[in-house]
Amino acid sequence: MSLDGICIAARVGITCIVLAFFVFIPLKSRYRYDIKTTCLWVSALAITTVAVTIIFLTPGQFLGHYGTWGILLWICVGVAVFCITLKGTFLELLFTVLVVLNLYVNIMAISRVIVSTWMPDWPDTVAEALVSVGILVLYMPLLYILLMRFYKPVVELDVRLPFWRIIWIIPALTYLVFYVKIINDYWIKPVNINGEDILFCILWSFTTYILFLVTLMMLLQAYKGIAAAEQARTMASQLQMQESLYEHMMGNIKNTARLRHDWRHHLLIINGFAEKGSVDLIRDYLQQLTPEYLAETDVPVCENHTADVLLRYYRAMATGRGIAMEIHAQLPGDLKISDPDMGIVFGNILENAVQACESQRTGEPCIIVRAFMKESQLVIKIKNTYDQPIVEKDGQYMSTKHKGESRGIASVRDVVEKYQGIFRISYDRSYFNIHILMNIPKEK
């Protein structure tokens, strides 16, 4: 390889490595494969970038007249690599690829203009390699702020919004302006370049940077607003559930008081049957009383108050709708998990389970709940029958009541992640299964 080829490969390769570091570290939670496999794919994209630059975008090469096709080829390869290695919607990943492309070409544009203006006696490829590395070093704090401080929180929130249908157009338009104006003036046309051109390239670079930064800040605020609205909705649902449970408990208290008041009358009647020596009448009368009293018994299912309240609430709801519910819960009362978090986990899962069984048209609806402690971990296993189709997209389970992921499942996942736990969903032809493992916080 010639000296020019070596310098171009070094310039492009170093820039790709630095950009890949700042881009893929924030996206670590989205990896489809392990780090080694992901690095291999990213290396393939870097090699493709070097090849496209040398073959299509270097003057004098036999495909130099097809630079536009080379750029389109790189964008297609970049989007393909991102889709293969990362989880996310197509438009979200396209936005990321276009942002990276803009950052890359801005560095190259500034280095090209500086070399043409201030280093005319140097070999172009050698000078551009040295200057681009220097600019890249100066650019690193900006990359850290843009990608680590703002893009990473957006990725970690992992909330699907329709904004991506429009947001990707911003980096697409900025690159289109760059392609039409800067490449046309500084790469294709042999014009005289001066200090004003350097200032223009730098200002354009900062303009696109600030535009991307503001876009990410807006996305982050929008995500936080949706998260806050979802939390408010969950709290409202929990309050409504507690109000219903309170009314149910007050009804039980009134019925129990009534039964106690009536008990002396029942004893008089039974005593009258006993005086007559009619065992059959006593037996029949007791059989009539037994269902009424058994219906009012409300035996706790576990020691933890929040879990006990929710389990009994949904058991009563399921029973009233003809759904069999089996509960095996052994949870201590001093569980170091907040009541709101326990409410979100049990409330959302049981609500979804009851709704799935209620809409079931074939077979016998059934819900099975198991909850217990395993050393310092809370284990929850809930399974329910179903016969409606399950819509799964990119590992997310879509709601049947609105567009997007089920809010209940998303809320449960957030709580489980808060306690550094594991949240797994599986299903077969008969049962929809949810497995949860949550680490109990240690006392400080």
Any hit, region 338-352, residues being outside any helix (DSSP H, G or I), at pLDDT below 90, over 20 Å from His435 (Cα atoms) and not acidic (Asp, Glu): no
Index of the failed condition, Asp34 passing every other in (1) surrounded by 16 or more Cβ atoms within 10 Å (Cβ to Cβ); (2) more than 18 Å from the chain's Cα centre (by Cα); (3) among the acidic types (Asp, Glu): (1)
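Among residues belonging to region 326-359 that are of a type in the set (A, V, I, L, M) and over 18 Å from His305 (Cα atoms), point out the one that is farthest from the chain's Cα centre (by Cα). Outline the logic, then answer.
The initial filter retains those residues of region 326-359 that are of a type in the set (A, V, I, L, M), namely 327, 329, 331, 335, 337, 342, 344-345, 349-350, 353-354, 356.
After this cut, where a residue has to be over 18 Å from His305 (Cα atoms) as well, the list is 353-354, 356.
Details: Ala353: 22, Val354: 25, Ala356: 23 Å.
Only one residue tops the list, namely Val354.
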Taking first residues from region 320-341 that are more than 19 Å from Gln377 (Cβ to Cβ) and second residues anywhere that are surrounded by fewer than 12 Cβ atoms within 10 Å (Cβ to Cβ), the pairs with Cβ under 8 Å that are 6 or more apart or on different chains are Ala324/Glu364; Met325/Thr319
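Across region 299-313, which residue is surrounded by the most Cβ atoms within 10 Å (Cβ to Cβ) among those that are out of contact with any strand residue (DSSP E or B) (no Cβ under 9 Å at 6 or more places or on another chain) and without any contact (Cβ under 8 Å) to a residue 60 or more places away in the chain? Walk me through it before giving the result.
Step one: list which residues in region 299-313 are out of contact with any strand residue (DSSP E or B) (no Cβ under 9 Å at 6 or more places or on another chain), which gives 299-300, 305-306, 309-310, 313.
Those still in the list that are without any contact (Cβ under 8 Å) to a residue 60 or more places away in the chain too: 299-300, 305-306.
Details: Val299: 6, Pro300: 13, His305: 14, Thr306: 23.
So, considering only residues that are out of contact with any strand residue (DSSP E or B) (no Cβ under 9 Å at 6 or more places or on another chain) and without any contact (Cβ under 8 Å) to a residue 60 or more places away in the chain, the one surrounded by the most Cβ atoms within 10 Å (Cβ to Cβ) is Thr306.
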Leu138 at pLDDT 90 or above, assigned to a helix (DSSP H, G or I) and either of a type outside the set (A, V, I, L, M) or crowded, with 16+ Cβ neighbours inside 10 Å (or both): no
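Just to verify a result, which residue in region 84-126, among those that are not polar (S, T, N, Q) and not in a helix (DSSP H, G or I), is surrounded by the fewest Cβ atoms within 10 Å (Cβ to Cβ)?
First, the residues of region 84-126 that are not polar (S, T, N, Q): 84, 86-88, 90-95, 97-101, 103-105, 107-110, 112-115, 118-124, 126.
Still in the running and not in a helix (DSSP H, G or I): 86-88, 119-123.
Numbers: Leu86: 22, Lys87: 16, Gly88: 20, Met119: 15, Pro120: 10, Asp121: 5, Trp122: 13, Pro123: 13.
This residue is Asp121.
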What are the residue pairs meeting all of these: first residue in region 7-28, first residue crowded, with 17+ Cβ neighbours inside 10 Å, second residue modelled with pLDDT of 95 or more and not acidic (Asp, Glu), Cβ atoms under 6 Å, and 6 or more apart or on different chains? none
Report yes if some residue within region 137-152 is farther than 27 Å from Ile169 by Cα and over 26 Å from the mean Cα position of the chain (by Cα); otherwise report no. yes
Among the residues in region 18-26, are any closer than 19 Å to Trp74 by Cβ and over 25 Å from the mean Cα position of the chain (by Cα)? yes
Can you pull out every residue in region 383-405 that is surrounded by 14 or more Cβ atoms within 10 Å (Cβ to Cβ), at pLDDT 75 or above and within 22 Å of the chain's Cα centre (by Cα)? none
Need pairs with beta-carbon distance below 9 Å; first residue under 9 Å from Thr85 (Cα atoms) and within region 34-45, second aliphatic (A, V, I, L, M) and not in a helix (DSSP H, G or I); sequence gap 6+ or separate chains. Thr38/Leu86
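The values are calculated or read from the model by the stated rules, or taken from the named source; none is laboratory data. Given the structure is predicted, the values throughout are model-derived calculations rather than measurements. Methodologically, a virtual Cβ is constructed for each residue, glycine included, from the backbone with ideal geometry; neighbour enumeration extends over all protein chains shown.
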